Every structure is written in structure tokens, then in C-alpha cells.
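One structure is given here, and the rest of the page talks about it.
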Amino acid sequence: MRNKLVAGNWKMHGNLQDNSALLEALKIGLPKPENNARYAVCVPFPYLASAQATLNGTQIEWGAQNLSQHEKGAYTGEVSAQMLNDFGCTYAIVGHSERRMLYGESSQIVAEKYVAAQRAGMIPILCVGETLEQRDSDTTEQVIDEQLKAVITLAGVDSLENAVIAYEPVWAIGTGKTATPQQAQDIHLFIRKGISAQNSEIAENLTILYGGSVKANNAMELFAMPDIDGGLIGGASLIADDFIAICKAIQN
Ligand code: PEP
């Protein structure tokens, strides 16, 4: 049975006090996951120690939002996979559209980060997705193919056994515009079929998340689609009650 996952992406929000309170509220409020479901929060680097201290041994996993593709060295300001390991991270998000667009991360760099995360024993959450312009010009599938191909070329299709893919249409991130369940399902199926052509077992077991303005009131209908295995949640992951409601929606 395929794993399901709801992962929060806190982005660059909060402070020590608020973030500690959020972790405590999640620890108290989230039910024990059932039916192959998992919950996680991907927090800013400075709060990893607090996430580890608060969440260790609980029903909630944690991870980072980025990492360096390099193992170590003169890379001022960067954080390595090994460092994330020291703080017990299960996940590392790679290729979020904000990283691709604001920090110029190419699909090749994203693939190297994916490999770095796996080499350190973490599960990369690989984000793919098209801009509105690309959707309007009917190149969504081409864009996603290129983003996936870079990873598969570098790491091999078998690497997807220890990875999660998040389909995040850029036009739906932080905009309040959610893809319809059918729009999201169509792309999830496209991703799964593409991988299935290379390895059907890996494709069948692959967890594919949808991300883009998932809220407590639309999570259930998105998660009901056959190829949507959970969500990567931005804004709504900062509000304990909303994130808890979204996590509960994956249990059904
Ligand atoms: C995200 O940042 O990955 C995201 C999906 O954000 P939001 O839920 O706010 O659209």
C-alpha cells in the first residue's frame, strides 16, 4: 500500500516563541497517523533543533526546506545534508519553485540536491510544476518531464523508491487559487504513467503530493483523487488547527 503524507512547508515564517508554540500545538492536536499516513513539518534551519527536541518520538516527522548539493567545503551560508542528519531530519524539500525562480536553481542543481539528500539517508520531497504562462501555452507536461528527467538521469528511476514527488503548479502557490481536483489528478497520473513506463512497481508505490493553496476546506476533495497521496502545505501549515484538519483529511 502506498504511503500517504501531509508535509508542512513553513517557508521563512515565525520566530522561536511562535514556532515552538506551533510545534507543541501539533504534538497535542494531531492524532496518531493510520492507514499508511505520515505527517511532517519542514521548518527553517534555525528551528530544526527545536523541532527535533519537541517531536522526537512523536507522531510527527520533520525536515528541511533546502540543502546544499555539496558535501562540505567553502560554501558560505550553505547547509549540508550531513548537518541536517545531525538534527534528525527525515525529509528535505528540493526544487521548490521559490528556490528555482528566486535563487536560480536549475533542474540539474535540484537533481544534485536530491542525490545529496538521499546519500545522507533522507527522503527528498522533489517539487515540480509549471507556471501560469507554461500552462497557458500548453507546455505543462513538457516542463514536468524536463524537471523529472534531470533527477532520473542523475539518480536513476530506482531512486524514486526513497523519494516523494510534490506536484505544485506555481500559479497555485500562495495565491489562493487551487488546481481543481481533476486538474491535479490529471498531472499526477501523467507523472505516475511516465515513471511507470520505466518501472511500474516504483510508480505504483510512489507518493505524489499536491501543493498549491491546500486548505482545510478543500483538502478532502483533493485527497480523494486516486493519484493524489497527500499534500505539501504552505500557508495553512502555520495555523495549527488548519494543519491538523488537513492531516485528518488524509486519513479517510
Ligand atoms: C508551498 O509553499 O509549497 C505551498 C504549497 O504553499 P501554499 O499552500 O501557501 O500555496
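Rounded to the nearest Hz, the phi-derived 3J(HN,Hα) couplings of the stretch 215-222 under the Karplus curve 6.51 cos²θ - 1.76 cosθ + 1.60 (θ = phi - 60°) are 10, 4, 8, 10, 4, 4, 6, 5, where x marks glycine and proline.
Distance from the alpha carbon centroid of the stretch 197-226 to that of the stretch 62-84 works out to 28 angstrom. Were the residues from residue 142 through residue 106 laid out at 0.36 nm apart, the gain over their Cα-Cα distance would be 11.4 nm.
Each label was represented as a point 7 Å from its Cα along the Cα-to-Cβ direction; for residue 241 and residue 158 these points are 4.9 nm apart. Basic side chains Lys and Arg get +1 at the Cβ, acidic Asp and Glu get -1 at the Cβ, and with that the dipole of the stretch 37-99 about its Cα centre reaches some 80 debye.
The convex hull defined by the C-alpha atoms of the chain has an orientation-averaged projected area of 12.3 nm². All distinct Cα pairs of the stretch 43-167 go into the 1/r average, and the inverse of that average, the Kirkwood radius, is 15.1 Å. The Rg/Rh ratio of the stretch 120-213, with both radii computed over alpha carbons and Rh defined as the Kirkwood radius, is 0.96. With θ taken as phi - 60° and the Karplus curve 6.51 cos²θ - 1.76 cosθ + 1.60 applied, the whole-hertz 3J(HN,Hα) list for the stretch 197-211 is 5, 9, 7, 5, 5, 4, 4, 5, 8, 6, 7, 10, 8, 9, x Hz, x standing for glycine and proline.
Once both labels are positioned 7 Å from their Cα atoms along Cα-to-Cβ, the gap between residue 224 and residue 198 label points is 3.4 nm. Ellipticity at 222 nm from helices only: DSSP H runs of n ≥ 4 in the chain, each -39500 (n - 2.57), divided by the residue count, give -12000 deg cm²/dmol. Simple rule: put +1 on each Lys or Arg Cβ and -1 on each Asp or Glu Cβ in the stretch 4-249, find the dipole, and look at 44, 69, 173; the Cα lying farthest toward the positive end is 44. Scanning residues 5 or more positions from residue 38 or on other chains, those with amide H under 5 Å from its amide H are 4, 5, 6, with H placed 1.01 Å from N in the peptide plane. Computed on the stretch 67-221, with alpha-carbon pairs under 8 angstrom and 6+ residues apart, the relative contact order is 21 percent. Placing +1 on each Lys and Arg Cβ and -1 on each Asp and Glu Cβ, with no other charges, gives the stretch 1-89 a dipole about its Cα centre of roughly 300 debye. Note on the chain: Lys pairs 8 or more places apart or on different chains, Cα atoms under 18 Å apart, count 12.
Considering only Cα atoms, the convex hull volume of the stretch 24-90 works out to 88 Å³ per residue.
Using the average count of surrounding beta-carbon atoms within 10 Å as a protection proxy, the listed peptides 239-247, 155-163 rank, highest first, as 239-247, 155-163. Think of each Lys and Arg Cβ as +1 and each Asp and Glu Cβ as -1; about the Cα centre, that makes the dipole of the chain roughly 460 debye. Residues whose amide H falls under 5 Å from that of residue 123, counting only those 5 or more places apart or on a different chain, are 91, 92, with hydrogens built in the peptide plane.
All of the numbers you see were taken from the coordinates with simple rules; none came from a lab. This one's a predicted model, so the numbers in the text were calculated from it and none came from an experiment. Glycine also receives a Cβ, built like all others from the backbone with ideal geometry; neighbour counts cover every protein chain displayed.
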